[in-house]
Amino acid sequence: MAWGGQPRPLLALWLLAALARSGSGEAGDGGWRRAGPGAAAVEEERCTVERRADLTYAEFMQHYAFLRPVILQGLTNNSRFRALCSRERLLASFGDNVIRLSTANTYSYQKVDLPFQEYVERLLHPQNPTSLGNDTLYFFGDNNFTEWASLFRHYSPPPFRLLGTTPAYSFGIAGAGSGVPFHWHGPGFSEVIYGRKRWFLYPPEKTPEFHPNKTTLAWLQDTYPALAPSARPLECTIRAGEVLYFPDRWWHATLNLDTSVFISTFLG
Ligand SMILES: *[C@@H]1O[C@H](CO)[C@@H](O)[C@H](O)[C@H]1NC(C)=O
Ligand SMILES: *[C@@H]1O[C@H](CO)[C@@H](O)[C@H](O)[C@H]1NC(C)=O
Ligand SMILES: *[C@@H]1O[C@H](CO)[C@@H](O)[C@H](O)[C@H]1NC(C)=O
Ligand SMILES: *[C@@H]1O[C@H](CO)[C@@H](O)[C@H](O)[C@H]1NC(C)=O
């Protein structure tokens, strides 16, 4: 009765969904849902990380490699890799593969193994703003490059290298509103394949104020608004096709504004 008698609201919903899909940017959303967790997970008012198109390796080394973060545009073309990362393609190829999840806190303690399909269908939803990072499971890193080789051989990493380092990939998919709170490690790149990822960065000598088990979203709501202008981090939201470079030991926290697919190249 409900189905037969009221087609119009359903049709309207379908049209809205179709419009949302077609309006979601050049790269599309790959079938990954984009609805955010509400008003909290939004873009910054002003991006304070430099965006550079067609940066040469010499300029990268001179101005950024050891000094400051930068967002690189147009460096590689990963449209083929992106197509392989649609929800449908990844589920068809890797749905039964067991993946390893980490908790989304600064010092990730717990690891959980479960089939990729189960993660996508049960856990990949917008983050509840009140949940704790150490209670949230996050798919990033711990990838099995043997089982997923047919995907990763299509990824073109940023072509810049630092002497004495070896690149290593970490691939992930995470729900809107999720993210990893402040932490630091060696230098590297992070590329968004689908969705948007907001970054917060501090230089090594400027340790931010944060609780290691709270989410980036909680930090953004509770701590960020009271920061004096001089205490604010560098910040910017990157989108599909953009690559953020972070130098050695820079503090950083991330916040996925949409369901996001992303891959980092760590220079260890
Ligand atoms: C990227 O490569 C695809 C083919 O894989 C091509 O169709 C597309 O035009 C390229 N995009 C750019 C910006 O070069
Ligand atoms: C998560 O961290 C909070 C605060 O640090 C702590 O009270 C809680 O027991 C932790 N939860 C788990 C599952 O370890
Ligand atoms: C964070 O959570 C972990 C386990 O989830 C716990 O062992 C640790 O004590 C917590 N840290 C703080 C500062 O509460
Ligand atoms: C990766 O997958 C292969 C094939 O299933 C398996 O033999 C291997 O133990 C896995 N490696 C890791 C590090 O889990």
Check your understanding: Per residue Cα convex hull volume for the chain, in cubic angstrom?
Key -> 148 Å³
Review point. Dipole magnitude of the chain about its Cα centre, charges +1 at Lys/Arg Cβ and -1 at Asp/Glu Cβ only, in debye to the nearest 20?
Key: 320 debye
Review point. Which residues in region 55-98 have a backbone N closer than 13 Å to a point placed 7 Å from the Cα of residue 144 along the Cα-to-Cβ line?
Key: 94-98
Point to revise | Estimated vicinal HN-Hα couplings, Hz - region 218-230 in sequence order (Karplus 6.51, -1.76, 1.60; Gly, Pro = x) | key: 5, 4, 5, 7, 9, 9, 3, x, 8, 5, 5, x, 6
Review point. Between residue 125 and residue 46, what is the spin-label point distance in nm, taking each point 7 Å from the Cα along the Cα→C-beta axis?
Key: 3.9 nm
Review point. Measuring from label point to label point, each 7 Å out along Cα→Cβ, what is the residue 80 to residue 93 span in nm?
Key: 1.1 nm
Check your understanding: residue 73's amide H: which non-local residues (gap 5+, or another chain) put their own amide H closer than 5 Å, with H modeled 1.01 Å from N in plane and none for Pro or chain starts?
Key -> 52, 53, 54, 55
Practice item. Whole number in Å², please: accessible area per residue of region 137-193, 1.4 Å probe, ligands, DNA and RNA not counted. Key: 37 Å²
Point to revise | Estimated [θ] at 222 nm from DSSP helical runs (n ≥ 4, -39500 (n - 2.57)) normalised by residues in the chain, nearest 500 | key: -5000 deg cm²/dmol
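Order 146, 223, 265 by their accessible area, 1.4 angstrom probe, all chains in place, largest first. Present the calculation step by step, with values, prior to reporting the outcome.
Details: 146 120, 223 30, 265 0 Å².
Largest to smallest exposure gives the sequence 146, 223, 265.
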Review point. Seen from all sides and averaged, what is the projected area of the convex hull of the Cα atoms in region 103-175, in nm²?
Key: 6.8 nm²
Check your understanding: What is the Cα centroid distance between region 55-93 and region 214-261, reported in whole angstrom?
Key -> 18 Å
Exercise for review: State the percentage of accessible surface on region 45-204 attributable to carbon and sulfur atoms; use a 1.4 Å probe and exclude ligands, DNA and RNA.
Suggested key: 50 percent
Exercise for review: Treat region 119-254 as a sphere of radius equal to its Kirkwood radius over Cα pairs and apply Stokes-Einstein at 20 °C in a medium of 1.002 mPa s; give the translational diffusion coefficient in µm²/s, rounded to a whole number.
Suggested key: 131 µm²/s
Exercise for review: Using a 1.4 angstrom probe, figure out how much accessible area region 28-93 has per residue, in square angstrom, rounded to the nearest whole.
Suggested key: 57 Å²
Practice item. State, to one decimal in nm, how far the label point of residue 56 lies from the label point of residue 166, with both points 7 Å from Cα in the Cβ direction. Key: 3.2 nm
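The values are calculated or read from the model by the stated rules, or taken from the named source; none is laboratory data. Please read all numbers here as calculations on a predicted model, not as lab measurements. Because the Cβ atoms are built from the backbone with ideal geometry, glycine has one as well, and the counts that use them run over all protein chains shown. All accessible areas refer to the heavy atoms of the entire protein, side chains included, with ligands and DNA or RNA removed. Shrake-Rupley method; radii C 1.70, N 1.55, O 1.52, S 1.80 Å.
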